[in-house]
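Scroll down for the structure; my scribbles are underneath it.
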Amino acid sequence: MTYALCSIIKFQLFILIITSFSHLSFSSQKVFVVLGGGIVGAVEAYNALRDADLKKDDLRIIICEQNSKVADTTSYSLFPSLTPDEILSVVPRGNELVSRLRTLFSEPSGIRVDDVPGISDSETSKFFISEVERYSADQEGHEQRTKALLELGKESMDLWQKFYDSADPELKKILIESNFNPCREISEEKLALRKGYRIDLIYSIPNAKQRALNMQRDYQALGYKRCALLSPDEVVRLDPYLANFCKQHSQLNSTGEREWSSDTAALFRPGGCIDTRIFLPKFYEYMRKKMGVFVNQRGEKKERFELKFGAKVTSLQFDKNSCGEMIITGISINGERFELDSDRACEFVFCPGESVGTLKQLGLSEPAYARFAGASLTLFVDLPKEKIDQYRDFNHCMEVHQEGVVLAWQARFIENRICIGVAGTKAFYGDKKPTKEEAFARNRNLLQLNMINDVLPDFISIAMNRDTFGKKLTEEDLFFLESRGIAHRWVGTRAVAYDGFPSVGHVYHENCKVINARCTTHLGSGGVSFCHGAAAASRSIFDDSVLPPDLIKRITRFGDSSRSACTTGLH
């Protein structure tokens, strides 16, 4: 049972938490307030609407996003790969994180940054590192959490599929336009792409075949039985656009068939994608139209769904109700305080994502956290007229792996251009914000450009107006493409807790549960892949869940927002 909150917030400050409905009593009105307008906040809002429709509740949803537009959110700037292990694939955990914190980001598997003062000296960084070191001593607990995350990832892949299957025609159309490709098990005998499986490329890695076999083992254990290693010839049959890569990284054997070089492998594995820069704006407009308007007591029409930009929640006010339970009773927005009317049922959910340390800043418990910077690179390559028909059906989603690097990858034909987007690789930034002019972003964007050229040299050759096959590109090449408007560079951050586990479920103020609020945050690199599963686990503290009860118990225990490296998080 949730309680309390509602208030009229001035329009120019952005939020109208509550007004009355002309056709309903005050007590029937419910308000769902989401802090954070990224993909997790979007999924939380959608689930709240689905619940209200089922229960015939009249609902208002307000999303508070501190950025000035959707394009400024981290979710918008990534090229998400939908996989059950996404949250594990980039930011290391446990003993591996302890080791990699000592290694420069430009070295294999390194994440340390040396050119930004104060990264390791802040109290936030020191506390995070000390908690990481304490956590790394509990190997059994670490393995339990890893197993739980993989199970949650599998459930989240199934929920992404259910999200599509249960969507109305308008939402289905948005997902298709957003390049939604599912991650699911397939039953077809003939291997095919974009039906639940894809090709991942692993190269410039010692023992690449063993790396691929380890991945295959993990996916098969989750129920993805069609996962298999592919030969170069099999890759080309499935995807002829990869012929150049296969030729460069293989050689002919005595029977005339191609064999991978010792540092290269290819895996047919479960995986999909979604283009969030298309999806998020269209989805929010869909929600606005879906929910419609109401008429308040003054006869004014108001939107039931509001996405408010520039809306930074700066503080919360707390009190206890007549039962002695902690509730939120007030909110400060952009520094101005508003008391909340406790006569109506309202619920807060905190999904700050990139806004590192939000829970702590608002007076709530938060596990040791840090910023991890990530870079993305987008290329828009205009095709010559004579090549348009050749590439009209081009559509890639995959991950491309090198030592210590996993790039989520989308590339496709859109309006006579090839659009290529890659994101991945992280560095520890403590409580600092990165910029794209710092060494990390420049180095990683150049690495990403070279990896694109390794796999799809035809398009880079068109962009550079010279043959780049087998060539190493330089910073000058990167900045040339950027100056021509072909390359777009971005760097941003994700909040990661000391154990790499998301924080879901209850929030706490002064060691007391807050009964009208919860959180779904600290998803790190897995924000898009895990958004449905993490939201379902978080919602389980107030409602029935679609997740298995045993998994919910483990996820909400391991992901308790008051946890530390020496507690279980149980309350």
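What the table shows:
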| quantity | calculated |
| --- | --- |
| Prolate/oblate/rounded call for segment 92-200, Cα gyration tensor, a/c under 1.5 rounded | prolate |
| Value of [θ]222 nm, deg cm²/dmol, for the chain, DSSP H segments ≥ 4, -39500 (n - 2.57) each, nearest 500 | -9500 deg cm²/dmol |
| Furthest towards positive pole of dipole, ASN321, SER332, ASN296, structure part segment 284-336, Cβ charges | ASN296 |
| Angle in degrees between helix 439-455 and the longest Cα principal axis of the chain, rounded to the nearest 10 | 50 degrees |
| Whether segment 289-369 is rounded, prolate or oblate, judged on the alpha carbon gyration tensor where a/c under 1.5 counts as rounded | oblate |
| Assigned charges on the beta-carbon of Lys, Arg, Asp, Glu; the chain dipole about Cα centre (debye) | 720 debye |
| Antiparallel bridge percentage (DSSP; both residues within the chain; nearest 5) | 75 percent |
| Under 20 Å from the Cα of LYS426 - lysines, other chains or at least 8 residues apart | LYS126, LYS436 |
| Area accessible to solvent at THR556, 1.4 Å probe radius, in Å² | 30 Å² |
| Ranked packing of 317-325, 436-444, most packed first, by mean Cβ within 10 Å | 436-444, 317-325 |
| Carbon/sulfur fraction of accessible area - the chain, other protein chains in place, 1.4 Å, % | 49 percent |
| Segment 58-163: trypsin sites (Lys or Arg not before Pro) in DSSP loop, at most 10 other beta carbons within 10 Å | ARG102 |
| Charge sum, other residues only, whose C-beta stays under 12 Å from ALA368's C-beta, Lys/Arg counted +1 and Asp/Glu -1 | -2 |
| Within segment 144-231: Cβ-based charge dipole about Cα centre, in debye rounded to nearest 20 (Lys, Arg +1; Asp, Glu -1) | 400 debye |
| Cα long-axis angle, helix 276-291 against the chain (0 to 90 degrees, to the nearest 10) | 30 degrees |
| Sequence-separation-based contact order of the chain, relative, with Cα cut under 8 Å and 6+ spacing, percent | 23 percent |
| Tensor-based shape of the chain (alpha-carbon gyration tensor, a/c under 1.5 rounded, otherwise prolate or oblate) | prolate |
| Residues of segment 170-213: accessible area per residue with a 1.4 Å probe, Å² | 49 Å² |
| Segment 465-520: chymotrypsin sites (Phe, Trp or Tyr not before Pro) in DSSP loop, at most 15 other beta carbons within 10 Å | PHE469 |
| Rounded accessible area per residue of segment 256-321, 1.4 Å, Å² | 43 Å² |
| By accessible area with a 1.4 Å probe, ligands and nucleic acids excluded, highest first: order of THR521, THR146 | THR146, THR521 |
| Over 24 Å (Cα to Cα) - which of LYS308/LYS360; LYS308/LYS513; LYS172/LYS553; LYS162/LYS209; LYS55/LYS154 fall in this group | LYS308/LYS513; LYS172/LYS553; LYS162/LYS209; LYS55/LYS154 |
| Solvent accessible area, Å² - ASP467, 1.4 Å probe, full protein context | 100 Å² |
| Peptides 377-388, 362-373 ordered by average Cβ neighbours within 10 Å, highest first | 362-373, 377-388 |
| Charge sum, other residues only, whose C-beta stays under 15 Å from SER261's C-beta, Lys/Arg counted +1 and Asp/Glu -1 | -2 |
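The values are calculated or read from the model by the stated rules, or taken from the named source; none is laboratory data. As the structure is a prediction and not an experimental result, all values here were calculated from the model. Because the Cβ atoms are built from the backbone with ideal geometry, glycine has one as well, and the counts that use them run over all protein chains shown. Remember, those area values only see protein heavy atoms, side chains included, never the ligands or the DNA or RNA. Shrake-Rupley method; radii C 1.70, N 1.55, O 1.52, S 1.80 Å.
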